[in-house]
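Everything below concerns the one structure shown next.
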Amino acid sequence: MNGIKNWCAVFALAITTLFAGAAAGAQSGSPALFPWMSTTLSPDERAGLVLKELTLDEKILLIHGQGSPFGGTNPNAYLSNGGDGFSLGIPRLGIPTLQMIGSAYGVRFSAVNGRYSTALPSNLASTASWDPEAACEYGSMIGREERAQGYNMSLAGGVNLARELRNGRNFEYHGEDPLLAGTIVGHRVRCEQEQHIIGELKHYAVNDQESGRNLVDSIIGVRAMRETDLLAFEIGNNIGHPGAVMCSYNAVNGDYACENKYLLSDVLKKDWNFKGFVLSDWGGTHSTVKASGAGLDMEQPNDKYYGAAMKKAVLDGKVSAAEFDDHVRRILRTEFASGIIDFPIRKGVVNAENGLLIARRQAEKSTVLLKNEHGLLPLDRAKVRSIAIIGSHADEGMISGGGSAQVDPQGSFVSPVRQKDIHKDAVWFPTSPLKAIAAIAPGTQVRFASGDDPAAAAALAKESQVAIVFAYQWTHEAYDLPNLSLPEKQDELIERVAAANANTIVVLETGTAVTMPWADRVSGILEAWYAGSKGADAVANILFGRINPSAKLPITFPVSEADLPHPQLVGPSAEAKAPGAEMRTGVARPTFSVHYNEGLKVGYKWFDAENKPVLFPFGFGLSYTTYSYSDLKMRPGGQTGDGATAVSFRVKNTGSRAGVEIAQVYASLPASAGEPPQRLVGWSRVALEPSESRQVTVTVDSKLLSVFDEDTNSWKLIPGRYTFRVGSSSRNLALTADLTLQ
Ligand code: BGC
């Protein structure tokens, strides 16, 4: 008996040494034990070497999940790190387990695992910065916190376009414009992956509403899809080179996204040369042979179709060896390319202080000043004697976005996600606007009214010099808003307060656009979105002018839902909505369709084409200083040597404060192109001291001026006259020049 024990101990030691050797060997470049650990080989070569060593069962293991780490009967649950899902590795070959974690705006599931995560402002908020460098900082911070908490794969990078403003997940996405959305998500993923994390784009594709998300067939023309929803993914892929793309729950033009050959193989893998792997959204796999043939590489979170069923399909020749191996090769390649093998997970202590610093900086860059009458803002703390803070639990915190993106707030004993129903209960982060404002203005009397009693709130506002109403709109996964009104009679509260105090400022905490029937009767409006762990400090810094706001809207704020392409949201039947119907893995079938007839006209392109007035246009945002635009000069594509058109103009800070202007360039295509009136083709963030001016050049790649030609399956520049417009928002474009392009 003792002999056996000793033998086991020796064996265990040998195994440990083997892996230690493998890891160390990889990092020192000495592939003593495993040739694929040589970092001098390409990820493709390394993946190819491992592939040759794998048995059929081992290959199967790599292409599916192991169920939920929490609960359930999965015997492997103890091998999970407590995230959203995991796929086992092949220890004998040094291939690690994939530990996956939802991380849209911060690392999920920290409370239940006894950890801490920083919540950054929502993804939509970060897009309002229009700042690729900020997006990089965003991704890096999340990547570091993922690694410290023991994860090597991120479930994030949502880039569905805000085609439907009531979509409950718009806060996880990057707005309505494909260039802006793709650029911001691309830089986020790029920098997250630099931390040796497998990054992801999701939910591919046209998963633009949550209502009936497992049952809906999104019907959309190919050209429209390529120039809108898919273009955002394409740009994100080009910039970020994500290791993974998650296919979505819905069907697109008749086939589920996770078994849609056009989306997965023809476009993603062939046209875009995507080198990573495709994994299904949780329970979004619906078949073995069809899904495999279409290009789905990994089933998550279970193995219903990619476990024993896949093994049988391979043995029966229904899935070819080459096709099957390609799934495995893509997963292995991604593991090498991302560095998760060369830099194995080493848990650490999250740098909370640094995270909170970044959270504040991100929020300051994301908060949009929408209205500022008579220069009420910034508040002068030497002059403001009393402030009423009203509503939205502003004494305690600020709201966050729910669903699988939910980050647990610091100080929670039990994860609110497990204590509450993330689809029913909102989570407020302990970042208190009341405290932040009181701290920044110590000589000012700052008092709070919850807003539950509008009369009491109005009375407090009347007694105060300034009233600041905090108003929220909570959104989350698996649910769409019935309309864009603020819930809980907050419109009424704002009206009452505004009637009592002319110096009323509204601070919005929203996941998407809201209607504002009171907009004309308040003096200031600040859109803070879901502002993250340090939202209150950022809001206070902007209100009191420590920070000059620079953010601009990444979505249009309409006057009313009646102006939307779909005034009514199209939802599933009552039967389809029955409990459980939505999550029956692989069982659900598309039962209703949403026809995206507006096609190319997403967001501002719709409102422009339909000549509809808007409440606040795409690209809009005020500053505490003012800017002027002049000296537009054009240099047509071809002369720059790279086919790009150069648009050059001067921006001047005409006010008395330093600031950053997000100068935007839009193009109108020749009429024969059949496009909406204009599209964003570039922008520049210009930092200017008072009176300073700068000549700025924005280069516009010819693809951004092209249309997608279905006949040739390619992008085409239509010869003719192009009009370029430059200015501060999609509806304030002071400079115009025409250019003929061949
Ligand atoms: C969501 C995904 C998420 C997954 C794992 C699904 O319900 O749609 O975005 O990554 O759950 O939590």
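The values are calculated or read from the model by the stated rules, or taken from the named source; none is laboratory data. What you see is a predicted model, and the numbers here were worked out from it, not measured in a lab. Every residue, glycine as well, gets a Cβ built from its backbone with ideal geometry; the counts of neighbours run over all protein chains shown.
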> Which of the residues spanning region 61-81 are surrounded by fewer than 23 Cβ atoms within 10 Å (Cβ to Cβ), over 18 Å from residue 111 (Cβ atoms) and either in contact (Cβ under 8 Å) with a residue 40 or more places away in the chain or within 13 Å of the ligand (Cβ to nearest atom) (or both)?
Replying inline: 67
>> Need the failing condition index for residue 93 against (1) hydrophobic (A, V, I, L, M, F, W, C); (2) over 25 Å from the mean Cα position of the chain (by Cα); (3) within 15 Å of the ligand (Cβ to nearest atom), just the number.
In response: (3)
> Looking only at helices (runs of 4 or more DSSP H) that fall completely inside region 305-375, which ones have 3 or more residues that are surrounded by 24 or more Cβ atoms within 10 Å (Cβ to Cβ)?
Replying inline: 321-338, 352-366
> Could you say which residue among 712, 640 is among the hydroxyl-bearing types (Ser, Thr, Tyr), in a loop (DSSP other than H, G, I, E, B) and at pLDDT 95 or above?
Replying inline: 712
> How many residues, within region 113-130, are of a type outside the set (A, V, I, L, M, F, W, C), within 16 Å of the ligand (Cβ to nearest atom) and within 20 Å of the chain's Cα centre (by Cα)?
Replying inline: 3
>> If I go through region 76-102 residue by residue, how many of them are not aromatic (Phe, Trp, Tyr) and not in a strand (DSSP E or B)?
In response: 16
> Hey, any hits in region 575-591 for a residue that's surrounded by 17 or more Cβ atoms within 10 Å (Cβ to Cβ), at pLDDT 95 or above and part of a loop (DSSP other than H, G, I, E, B)?
Replying inline: no
> With respect to the numbered conditions (1) in a loop (DSSP other than H, G, I, E, B); (2) at pLDDT 95 or above, which one is the sole condition not fulfilled by residue 478?
Replying inline: (2)
> Which ones in region 211-254 are more than 19 Å from residue 294 (Cβ to Cβ), of a type in the set (S, T, N, Q) and within 16 Å of the ligand (Cβ to nearest atom)?
Replying inline: 211
> How many residues are of a type in the set (D, E, K, R) and away from the ligand (no atom under 16 Å from the Cβ) if we restrict to region 274-296?
Replying inline: 2
>> Quick check on my filter: what residues within region 482-514 are in a loop (DSSP other than H, G, I, E, B), more than 23 Å from residue 166 (Cα to Cα) and of a type outside the set (S, T, N, Q)?
In response: 502
>> Within region 694-714, does at least one residue satisfy the condition of being touching a Pro at 6+ places or on another chain (Cβ under 6 Å), closer than 12 Å to residue 663 by Cα and crowded, with 17+ Cβ neighbours inside 10 Å?
In response: no
>> Of the conditions (1) in contact with a strand residue (DSSP E or B) (Cβ under 7 Å, 6 or more places away or on another chain); (2) surrounded by fewer than 24 Cβ atoms within 10 Å (Cβ to Cβ), residue 243 satisfies every one except a single condition; which number is it?
In response: (2)
> Restricted to region 96-112, and to residues that are among the hydroxyl-bearing types (Ser, Thr, Tyr) and more than 13 Å from the ligand (Cβ to nearest atom), which residue is farthest from residue 122 (Cα to Cα)?
Replying inline: 97
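Residue-wise test of (1) under 29 Å from residue 323 (Cα atoms); (2) crowded, with 24+ Cβ neighbours inside 10 Å.
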residue	(1), (2)
83	no, yes
95	yes, yes
99	yes, yes
104	no, yes
133	no, no
148	no, no
152	yes, yes
166	no, no
> Does residue 73 satisfy being among the hydroxyl-bearing types (Ser, Thr, Tyr), at pLDDT 95 or above and either part of a loop (DSSP other than H, G, I, E, B) or in contact with a Gly (Cβ under 6 Å, 6 or more places away or on another chain) (or both)?
Replying inline: no
> Since residue 624 meets every condition but one in (1) within 17 Å of residue 550 (Cβ to Cβ); (2) touching a helix residue (DSSP H, G or I) at 6+ places or on another chain (Cβ under 6 Å), which condition does it not meet?
Replying inline: (2)
> Within the set of pairs 6 or more residues apart or between chains, which connect a residue that is at positive phi inside region 273-288 to a residue that is surrounded by fewer than 21 Cβ atoms within 10 Å (Cβ to Cβ) with Cβ atoms less than 7 Å apart?
Replying inline: 283/583; 283/585
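Conditions tested, residue by residue: (1) in a strand (DSSP E or B); (2) of a type in the set (S, T, N, Q); (3) touching a helix residue (DSSP H, G or I) at 6+ places or on another chain (Cβ under 7 Å).
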| residue | (1), (2), (3) |
| --- | --- |
| 676 | no, no, yes |
| 680 | yes, no, yes |
| 687 | yes, no, no |
| 695 | yes, yes, no |
| 698 | yes, no, no |
| 704 | no, no, yes |
| 724 | yes, no, no |
| 737 | yes, no, no |
>> I'm checking my understanding of the structure. Among residues of region 269-300 that are assigned to a loop (DSSP other than H, G, I, E, B) and either touching a Pro at 6+ places or on another chain (Cβ under 9 Å) or of a type in the set (Lys, Arg) (or both), which one is surrounded by the fewest Cβ atoms within 10 Å (Cβ to Cβ)?
In response: 275
>> Considering only region 206-223, I want to know if a residue exists there that is free of Cβ contacts under 8 Å to residues at least 40 places away in the same chain and either under 20 Å from the mean Cα position of the chain (by Cα) or in a helix (DSSP H, G or I) (or both).
In response: no
> Would you pick out the residues in region 485-529 that are of a type in the set (Ser, Thr, Tyr) and over 18 Å from residue 368 (Cα atoms)?
Replying inline: 485
> Which one is modelled with the lowest pLDDT among residues in region 385-432 that are of a type in the set (Lys, Arg) and either within 16 Å of the ligand (Cβ to nearest atom) or under 19 Å from residue 116 (Cα atoms) (or both)?
Replying inline: 418
> Within region 515-574, how many residues turn out to be modelled with pLDDT under 95 and in a strand (DSSP E or B)?
Replying inline: 0
> If you check 707, 686, which single one turns out to be under 26 Å from the mean Cα position of the chain (by Cα) and over 30 Å from residue 548 (Cβ atoms)?
Replying inline: 707
> Residues in region 158-193 that are farther than 23 Å from residue 595 by Cβ, in a helix (DSSP H, G or I) and of a type outside the set (Lys, Arg): how many?
Replying inline: 14
> Which of the residues spanning region 137-150 are touching a helix residue (DSSP H, G or I) at 6+ places or on another chain (Cβ under 9 Å) and either more than 15 Å from the ligand (Cβ to nearest atom) or in a loop (DSSP other than H, G, I, E, B) (or both)?
Replying inline: 137, 138, 139, 140, 141, 143, 144, 145
>> All but one of (1) within 19 Å of residue 436 (Cβ to Cβ); (2) assigned to a helix (DSSP H, G or I); (3) in contact with a Lys or Arg (Cβ under 7 Å, 6 or more places away or on another chain) hold for residue 388; state the number of the condition that does not hold.
In response: (2)
>> Against the condition under 22 Å from residue 363 (Cα atoms), among the hydroxyl-bearing types (Ser, Thr, Tyr) and away from the ligand (no atom under 16 Å from the Cβ), how does residue 533 come out, does it pass?
In response: yes
